[in-house]
Every structure is written in structure tokens, then in C-alpha cells.
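Here's the structure we're looking at; comments come further down.
The values are calculated or read from the model by the stated rules, or taken from the named source; none is laboratory data. On a predicted model such as this, the values are computed, not experimentally measured, just so you know. Heads up, the Cβs are rebuilt from the backbone with ideal geometry, glycines too, and the neighbour counts pull from every protein chain shown. The protein model used for the area step is the full one, side chains on, heavy atoms only, and it has no ligands, DNA or RNA in it. Shrake-Rupley method; radii C 1.70, N 1.55, O 1.52, S 1.80 Å.
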Amino acid sequence: MTPSAPVLRVEHHPQPALGVGEDRPRLSWHLEDAPAAYRQGAYEVAWRTTAPDGAVLEDTAAVVDGAAQVLVPWPGAPLGPRARAEVRVRTRDGGADDAGWGPWSEPAVVERGLTAADWTAELVGPGYDEGPVETRRAPLLRRGFDVPGREVRSARLHLTAHGLVEAELNGQRVGRDELVPGWTPYDDRLRVYAYDVTDLVRTGENALGTWLADGWFRGRYGFEGGTRDLYGTHVGVLAQLEVVTDAGTVVVGGDASWRSAPGPLTRASLYDGETYDARLLPAGWSEPGFDDAGWSPVAVLPLDRSVLAAPDGPPVRCTGELAPVSVTRAPGPDGEDGWLVDFGQNHSGRPRLTVPAAPAGTTVRVRHAEVLQGGTLYTRTLREAAATDEVVTDGAAITWEPRFTVHGYRYAHVSGWPGEDAPEIVSRVLHSDMARTGWFASSDPDLDRLHENVVWSLRSNFVDIPTDCPQRDERLGWTGDIQAFAPTAAFLYDVHGMLGDWLRTLSAEQRRFGGTVPVYVPWIPGGRFWDPAQDVAGWGDAATLVPEALHRDSADVALLERQYASAVGWVDKVAGLAGPDRLWDTGMQLGDWLDPTAPPEDPLRAQTDPHLVATAYLARSARSVAEMARTLGRDDDAARYGTLADEVAAAYRKRYVDSGDPMHDTQTAHALSIVFDLLDGDDARLRAGERLAALVRDGGWTVGTGFAGTPLVADALSSTGQLDAAYALLLSHASPSWLAMVDLGATTIWERWDSMLTDGTVNPGEMTSFNHYALGSVADWLHRVVAGLAPLEPGYRTFRVAPRPGGGLIRAQARHVTPYGTAEVAWRIEDGELVVRCVVPVGTTAELDVPGLEPAVLGHGRHEVRAPAARPESPLHR
Ligand code: BGC
């Protein structure tokens, strides 16, 4: 019997992979099915590489011996710019049952983008005086061009901008990407997106047009009023269209022949929303034949082409639509008459309305908010983000959605709506278009809702970069938040491209600030309080712990190699700050940010000593670097950072363990000690676990942890024999707790345990979001411990099937698309028995670790085991 056809992937790109940066993209594949004894002994890759005109550059195949199937090296000649490869793979068994080659995979497509030297286009922007910032209209740019010949064989548009861009070819929108080119420090790296526009170009007359807006480049961004012109004062488009016809190749790039004019967007801001005045749209502007004589020439702007780079991750796209669950007549936040729309789910996105025909100049306004208070949209927590979209009609009916903004909201208020009928409106969910890879379900609907809330907070905050929140005047790449959440994220979605890309930005900002990892990246001026040279524990540790989490999930060693200097740089920097006593007890620390006792106006005031947190993180990151060094074969570094970790842990014990100081005897302190392996021996761990359980119990089964402790507390309990306490905390409905949020109607994870107070009013703190993922990091424990699906080796090449039933749950399950295919663990309690089913992907093995059963090693395939059920009912569970 032969194995099934492999499913092939290229790097971390979705298919087809266009405009990639890698000249030797790595390949991975998984097999859905194979005979029980199958072990890959060899693979064969066949590839056919062509130039845009179809000329064949390589057409060959290679056989490679071995079991490798994840991120294997490119077998062919390096891909030159614009080269397109169609790749297939097949495998064969290496054992006695070898039945010859299995079937070929479907072809995967990978096309290399342009290198700096391939650009002839210039960056072009509006050539007229844009006027004062307050009334500046988003520009349109265009040019007409001729394509000679009889037939268009292929056409690619390479596109980026200083600002945000959307292109139209012959009146048709190009692609469906949003907020292009996303957010990087543009003077360091500017991402270029490639589109197959073969179907949009024709021979004869054509026109290319672009919408352009301020975006992150020069729009107001940042808290405390924010800053304008962060990266420059002039917006511009860089577009190069390459068309291959039977008559040769035509290249149309930005140059002085383009024309520009103010467009119908009279206002376009990421925070504030957008105004579209349909009366100002020049009809047919992106079509051939349009008379642009009245338009202005463009300004040709300077651009360092060496910063152009291909994205590692997917673009932002609309990934779904939410229909309203209710639309009712109600006043808006300023008493304005209108309609209140509930989409039933907090999310990041923007509205799409179909406004009926109404007198020209009719203005429909949509405001957004996460929560209601007193039945009205509650906008205070948006701070200085107006989150208001407006469409001004030209008399005709119009279906309209803003282009260059995004809001975090569940509710919208529509005013100015013509007629008596309720508005026709949906919300378009927007975020980086990553593939879903992880699922969890249990017998407890509240727990499932909690997990669903984690998924929605991920979706809402993976909007090109990992943000803290999607709604207020912030939306920054806070490093501490993703540090806490990365393991959860890597389970739930394929975040590898996106976070890998963001880590490049982290390294760049770290270099810019002399080794400090800023508290958010990209770095922008941060109001009164924030300085880029602040070294902050738990935040800067994103440099070590995010690559570690990604590698654990993907086995991407090249990512570790790439981030290694950044990780080492961070640990060296902090070790220097700690000095010879190995205690990091200096500087401003965010510590256990937002622990539930912190008052609304002082989120820093936690129960746990911030310097304890800092030293614990130094030990943890030093150990993480030692582990990376081992993986990368850097044995000297492995030894050196291992010793550093041991010394820091010893200093931590001496200073903080059993010190008698109440700030060292908290849920977070014990959780850090246990999970970061800072204690000396099992007895000490067990004692810490007992103490932690006592603190949780004495707290009435409420959470006492902030950003530092929350990702760890459940693991700390379950790994020290306190599983019942872990479940009691997880399933507690006492406030503050995860399920108390659910009880108050949360549809996402909140920034604060009490973003909404138990009386249903909004926390008075000026910093109150209902959509922050950090406190949702407990989902990682749901996957690994409650359901019991946990990686042992990177990429799940070996993993544990180790469910730990408890808390009165009668079933739980988790599923994850590993690099080897889908792994699953599902258990249920049935007739006094624990029934565990699992799916082990081809190419992996699982270690079965079920209470009451002998350990066993499972090969690929489906398995079912039964064990006597242990205590199905817990008195602690409601
Ligand atoms: C952000 C957080 C962040 C914190 C650090 C907040 O304003 O929303 O999530 O980590 O600041 O100070």
C-alpha cells in the first residue's frame, strides 16, 4: 500500500505564493493518510521554473533520502526575480513495506517578487498643494497606457505605498487586500505586494488608478493626541505593472506622466474613520478614456529602494461578515436620532451599508463602540479615536464601505438614515488573513464561550501587527501582550508569517535603540511617559519568547537563526542591567501589569514585587536563549546562557523565595517560580504549588494575576499536583475570573479583569478596553492540559496525548493543524470510564500519558484507549 498524496506548502505562505522574497523557498508537506508501518524514507521533488514569458528555466526533479518533510531546503537553482515555479512532491516508504512511490501532490506555486534592482517605477504622490491637514482629501492617482499585441499572457502588479493604497485596473479593484502595505518602520522595510492581474489587463487602451490615504505613514497615530507625519509628509504610490503579451513585455511604472487629484474621501484616518462624498467621485477615473486633463501632474518622490521587501505574512482582508442581531431605533451618544445596531460580537472591522436613493448630500453617519451603557453607545473608552464613518450620497442608492480605516466594535449607531426602514448594514470582519489551525471544545458552554472569546480577541488584534487593542487611540504592537499570548496564538492560527514579519521589525527597532526592545514595535513617540530606551521585563522578553513559541509550533529553525542576535542582545542587555548580583532590580517595571487589585487609575500597582517579576523573566529568557543556542549548534553559547540562567535563578531564590515579604507570596510570584523553573528541587516546587493553591482558595477562587502571572497560573497548579485548584480557578464564576467575564456578556477577552464592573458599568479607568488578548493566554493550558494535546519536539514531531480531566467536565477536545497535519485529542467520561481518542499525523509519534494507564508510544493514525474515570465531579464546579 502506498501513502496518500502529500499536501504541499511553501515557506509560511498561502497558495499561490506570489511576490515572495525567498530565492530558495523551503517546502513542507503532510500526508492525510498512510499505512500503519509507513515511515518516509525518501521524497522526490519535481519543479518547473518559468520566466514570465513562459520560457522554461528549469524542469527537473530530485530524490532526497530521509524522513524530513517540514521546511526542507529548496532543491533547485535559486529563483531569480519574477521566476515562477510549480512544485510537486511525492514520498516513499523507507521500510520493508516499501511499495514504491506514492502519488504526486497537487502542484504548489511560488513566484519570486522583484528585487531592488528590478524597479524602474518611481514613487509618485499628489503634485498639487493638499492644503491644511484638517481638510486634506485623500488623493487619487492615475495613468492610461497602451498594451500592444493580440493577447495578454500574464500581468503582475507590484504595489506598495507611503500611506495606504488600493489599486484599480480598468475600473476593477485589484485583489482584496486591505490596509496595504501594513505597518513596518517604512525607512527600514517597506513591504511590496504582488497581484496576478492577467484578467484585468487587455490589449489596447488601459488605465491604472490608485486610491491613496495617510494610514500609519502620516495619519495621526498614537495616544495622548498622537503624532502626525510619523514617517514623512508626502504620501506616494509605488506601482510597477509588468504585462507580457505575444508582442513582448510592457512595463508601466510610476513616473512624471501620472496625474493626481483630490478624491472623494474628504477624511480618512485609522482611528477617526472616514468620510466618503459620492458627489466628488470622478466617474470612470480608473478606466481608459477618462479625461484627466484637469488633474495635476504628480510629484516624483525620493525612495530608497533597498528597503523594499516581500511580506512574510498574509495581508489584512475581510474574513467574514457579521449580520446585525438587532437593529432598534435609539438615540446616539450625543442624543442624535438614529438606529442602534448590535452585531452580537466584538471584533475588528468596518460597516458596509446600502443606502437607498435619497436627495444628493444626504449624510449617513456610523459611530462605533464595544459596549453600551444605559442602552447607548459608550465611546469614552475610545479616548481620542473618533471611530466615525460618513457617506454623503449623490442622490443615487449606494453600497458603501470605508476603505482605509478599521474599528474595534460590537455596536454601531447609524444616524442620518433616509426613510423609515431600518438600515441595511453588515460588519465586515478585518484582520490578517491567516489560516485557522486550532480548536477546542468541552462539555461546559461557558468554557467554550471563553475559548471563543480568545479566538475573537486574536482575530481582532492580528491586524497586520499584533496589537494591544483594536478600538482606542492606541493599537500598538505592545511587546508584553504578544509575549504572553504567542503560545496560544500559534496554536489557534497560522501566525508564523505574520509574527515572523513583525519580529523583523522588533529586531530593527532594537538595533535602532541600542539593544533595548521598546515596549511596543514599531516604535512611535509615546506621549509623556514612554521612552524607547526603557528596558521592561515581560515586554522586552518578546525578543526571546515569541521566537521560542513560534519555533515550538513550526520547527522553523531559520526563524531562530534570524532572531538569535535579537534574543541574545536582549538577554545581554538585561544581564548587564542586573549586574554581578544577577538581580534585575532597577528601572521602571510594568511587573504584573493589571493584576486585579490594581486600581483603575494605576494599572501598575500590583500585589507582586515588580523586581521579582523582572529577575524571573531574566532567568526565563536566558534559558530560552540557551535552548535556542543548543538547537542552532552553538554549544558555547548554550553553556554560557545556561549558566547565566542558573545564576539568576539562584539569586532569585535567595532574594525572593520564602523572604517573608507579602509581595513575594502572591499568585504571580509562585506561578513564576514554578513555571520558570526557578526553585531548587521537587520538594520546593510542591511546596510552592501548595501555597499557590492555598492563595487561590483563600481568595475565594478568584484570579490574582496580571499580564505576568495569568499565562502561568493554571500550569503552575496543574504541574504541582494541584489540578483541582487549577480547575476550580478556571471554572470559577466569582469575580475576578475568566468566567466572570463571560457571565457579564463578554464576547472577547478584556484588558482588565473588571473592564466591566460587576454592576454592568464600565471601569472608570481611562485605559479600559474590551478586546485585549493577554488574559486569554489561559487557552494554551486548555489545549495542552485540559484537552491534553501538547508538543514535545518542535513542530509536534513528537507530542503528548495527556488529558487531565477534572472540574466536572465530562468531555473536552483539542485539534491542531501541525506541520505534519492535523493532530487531535478528544476525551469523554462514559459509563465510569475515561475514553480518549486521538489522531496522530503521519510522520509523528505521540506519547500517551493518561491517568490510570501505562505510558505508551502511538504511531500515526487513529487510536482509542479507555481508563477508569477519576473523579468526574468536582464539588468546586458550579
Ligand atoms: C496597553 C497594554 C500595554 C500596556 C503597557 C497599555 O496601554 O494597552 O496592553 O501592554 O499599556 O503599559
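Evaluating 6.51 cos²θ - 1.76 cosθ + 1.60 at θ = phi - 60° for every residue in the stretch 528-539, the Karplus couplings come out as 5, 9, 9, 10, x, 9, 8, 9, 10, 5, x, 8 Hz, glycine and proline recorded as x.
List the residues whose amide H sits under 5 Å from the amide H of Ala387, counting only those 5 or more places along or on another chain, with H placed 1.01 Å from N in the peptide plane. Those qualifying (amide H under 5 Å, at least 5 residues apart or on another chain) are Asp272, Gly273.
In whole percents, the pair-distance distribution calculated for the stretch 105-163 from its alpha-carbon pairs, binned every 10 Å from zero, is 12, 33, 30, 17, 7, 1. Sorted into 10 angstrom bins from 0, the C-alpha pair distances of the stretch 70-199 split as 8, 27, 30, 17, 11, 5, 2, 1 percent. Within 11 Å, Cβ to Cβ, of Pro78, how many net charges do the neighbouring residues add up to if Lys/Arg are +1 and Asp/Glu are -1? Summing Lys/Arg as +1 and Asp/Glu as -1 gives -1. Taking the Cα of Ser443, stepping 7 Å toward and past its beta carbon, and measuring to each backbone N in the stretch 733-769: which are under 20 Å? From the stretch 733-769, the list is 733, 739.
Which order do the peptides 99-107, 616-624 take when ranked by the mean count of other beta-carbon atoms within 10 Å per residue, highest first? Present the calculation step by step, with values, prior to reporting the outcome.
On the way: 99-107: 15.6, 616-624: 26.3.
Highest to lowest by the protection proxy: 616-624, 99-107.
Sequence-ordered 3J(HN,Hα) estimates for the stretch 711-717 from the Karplus curve with 6.51, -1.76 and 1.60 and θ = phi - 60° stand at x, 10, 5, 5, 4, 4, 6 Hz, glycine and proline given as x. The phi torsions of the stretch 750-760, fed into the Karplus equation with coefficients 6.51, -1.76 and 1.60 and a -60° offset, translate into couplings of 8, 5, 10, 4, 10, 3, 10, 6, 4, 7, x Hz, rounded to whole numbers, with Gly and Pro shown as x.
Go through the stretch 433-539 and name the trypsin sites (Lys or Arg not before Pro) that are in a DSSP coil and have 10 or fewer other Cβ atoms within 10 Å of their Cβ. Intermediate values should be presented prior to the final figure.
Details: sites: Arg436, Arg449, Arg459, Arg472, Arg475, Arg504, Arg511, Arg512, Arg528; in loops: Arg472, Arg475, Arg528.
Within the stretch 433-539, the qualifying trypsin sites (Lys or Arg not before Pro) (loop, at most 10 other Cβ atoms within 10 Å) are Arg528.
The mean accessible area for residues of the chain, using a 1.4 Å probe and ignoring ligands and nucleic acids, is 35 Å² per residue.
Scanning residues 5 or more positions from Leu848 or on other chains, those with amide H under 5 Å from its amide H are Val801, Ala856, Val857, Leu858, with H placed 1.01 Å from N in the peptide plane.
Restricting to DSSP H runs of at least four residues, report the calculated mean residue ellipticity at 222 nm for the chain, -39500 (n - 2.57) per run over all residues, nearest 500 deg cm²/dmol. The partial results should precede the final answer.
Numbers: 13 runs with 178 residues, N = 878.
Calculated at 222 nm, the ellipticity per residue is -6500 deg cm²/dmol.
Considering all different alpha carbon pairs of the stretch 262-416, the Kirkwood hydrodynamic radius works out to 17.7 Å. Here's the picture: charge each Lys and Arg Cβ at +1 and each Asp and Glu Cβ at -1 in the chain, and of Leu604, Leu377, Val20 the one pushed furthest to the positive end of that dipole is Val20.
Only helices at least 15 Å long along their own axis, judged from Cα atoms, and with Kyte-Doolittle mean hydropathy of -1.0 or greater: name those in the chain from DSSP H. Could you put the intermediate results ahead of the total?
Working: long enough: 445-461 (24 Å, -0.82); 479-492 (19 Å, 0.76); 496-512 (24 Å, -0.90); 542-554 (17 Å, -0.05); 557-578 (30 Å, 0.66); 610-631 (31 Å, 0.12); 635-656 (31 Å, -0.96); 681-698 (26 Å, -0.56).
Span-like helices in the chain: 445-461, 479-492, 496-512, 542-554, 557-578, 610-631, 635-656, 681-698.
Taking a quarter of the surface of the Cα convex hull of the chain gives a mean projected area of 37.1 nm².
Divide the volume of the convex hull around the Cα atoms of the stretch 727-878 by the residue count and you get 114 Å³ per residue.
With all protein chains present, how much of the accessible area of the chain (probe radius 1.4 Å) comes from carbon and sulfur, to the nearest whole percent? Write out the running numbers ahead of the final one.
On the way: 14920 of 30370 Å².
The computed percentage sits at 49.
Computed over all pairs of different Cα atoms, the Kirkwood value for the hydrodynamic radius of the stretch 424-554 is 15.6 Å.
Near Thr363: Cβ cut-off under 10 Å, other residues only, Lys/Arg at +1 and Asp/Glu at -1. The net charge is -1. Overall, the chain carries a charge dipole of about 480 debye about its Cα centre when +1 sits on the Cβ of Lys and Arg and -1 on the Cβ of Asp and Glu, all other atoms neutral.
Lys and Arg at +1, Asp and Glu at -1: add these up for the other residues within a Cβ distance under 15 Å of Arg697 and post the number. Write out the running numbers ahead of the final one.
Working: positive: Arg691; negative: Asp665, Glu690, Asp698, Asp724.
Every neighbour counted, the sum reads -3.
Between amide H atoms placed 1.01 Å from N, distances below 5 Å from Leu377 occur with no residue 5 or more places distant or on a separate chain.
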